[in-house]
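First up is the structure itself, then whatever we jot down about it.
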Ligand code: AMP
């Protein structure tokens, strides 16, 4: 693991009261150890769109899914064909687990669910304390309930159009998407009404025996997926994947989805979830949707980007630039012929040099202009097992992933917007798929 610090980091946080004040911060959860915690609610229970149900308890989810998932006669037959099985999956509930503070990356996962034919979509919004370390940003994690509800309400017409097209109907013109190709040539068919729900549980609802704590040795009911959960992100955040796997297992058991949708941005998380689904024989499909990026610089969208502020935001794309340089080295490695294995030593240094160059440039700037970051890792991993790869097997390809920590600015300019919560350290992760390049 590499760690490079060009500038000394300041421990003082530069608060920007205006920014903090204008943001509506709702009490999602308080210190899970306090006595009053159990009585407090995580979110307001209403959504501005009455067509989107807000479910707070397991019983409410069960009632909602029982209501919307009436068993179809064809899919319940024991001898259902492969096509019927597929139909059953398309007709089942889609679950998109999130921690809220929704952005286009989250919305793209919901769009993917509609494109896959799901007309029953549950978006869970739950900031799961078990996946935060004791010293992590649990309390300051962005909470934007009203904006989240508004984003889902605004997305609804587009999802309805997607479903209508899929069922052979016409677009209404609202939120037209590019996948409308053959819809207009088909006869109008009966398109099922979209049923959407937000599942926003309380922590006592999610942890009925009591919240077990955030310490690595906390006792309680946990799901642990190793070795994948212990590497890279798991090294820096030892309880993170335990928290993720545990909460996802709970969500899957509560919602009983046919498909779950996750983002490629958190690639190690997708490998953990896939392994959990495989090893615990969970009857659902895991779909991984591509990373949504900001234009034009390619920064991966993240709920935590609001903490960056303009100065650090301008430098943050260094991570994706580094990964792209690594991918270019992989491509160049094939210049000698497709089917050639490319060594990690050809790929990783190309990525590192972009990071080091940028660190050098930033360190030569005055303290009230420069930006500092620490490199956590640049790593090459097997796409299925996430094991370290020394040489990329051209039949398989690999994942090039990285993490950096943007440090608080060393010296603020007068009136400078340092980002939400005064511009704390922000950890950025990203990855790029190095595709298979078999011999032709
Ligand atoms: P979070 O709310 O950060 O826990 O993320 C919820 C889901 O959204 C996870 O499956 C993430 O991988 C996914 N996600 C977050 N950011 C992006 C992004 N930029 N592109 C695609 N998916 C994302």
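From the list 349, 366, the lone residue that is out of contact with any strand residue (DSSP E or B) (no Cβ under 8 Å at 6 or more places or on another chain) and either under 18 Å from residue 313 (Cα atoms) or touching a residue at least 60 places away in the same chain (Cβ under 8 Å) (or both) is 366. No other residue among 269, 214 is part of a loop (DSSP other than H, G, I, E, B) and either within 16 Å of the ligand (Cβ to nearest atom) or touching a residue at least 40 places away in the same chain (Cβ under 8 Å) (or both) apart from 214. All of (1) assigned to a strand (DSSP E or B); (2) surrounded by fewer than 19 Cβ atoms within 10 Å (Cβ to Cβ) hold for residue 281 with one exception: (1). When the stretch 88-110 is limited to residues that are away from the ligand (no atom under 11 Å from the Cβ) and modelled with pLDDT of 95 or more, the one that is nearest to residue 148 (Cα to Cα) turns out to be 94. Considering every residue within the stretch 330-348, establish whether at least one is in a helix (DSSP H, G or I), surrounded by 16 or more Cβ atoms within 10 Å (Cβ to Cβ), at pLDDT 95 or above and within 13 Å of the ligand (Cβ to nearest atom). No, that holds for no residue. The sole residue among 150, 114, 66 that is within 16 Å of the ligand (Cβ to nearest atom) and either at pLDDT 95 or above or in a helix (DSSP H, G or I) (or both) is 114.
The test for being out of contact with any strand residue (DSSP E or B) (no Cβ under 8 Å at 6 or more places or on another chain) and within 16 Å of the ligand (Cβ to nearest atom) holds for residue 138. Set side by side, the residues 322, 314 differ, and just one is at negative phi, away from the ligand (no atom under 16 Å from the Cβ) and in contact with a strand residue (DSSP E or B) (Cβ under 8 Å, 6 or more places away or on another chain), which is 322.
The values are calculated or read from the model by the stated rules, or taken from the named source; none is laboratory data. No experiment lies behind these values; they were computed from the predicted model shown. Neighbour counts run over all protein chains shown; Cβ positions are idealised from the backbone, glycine included.
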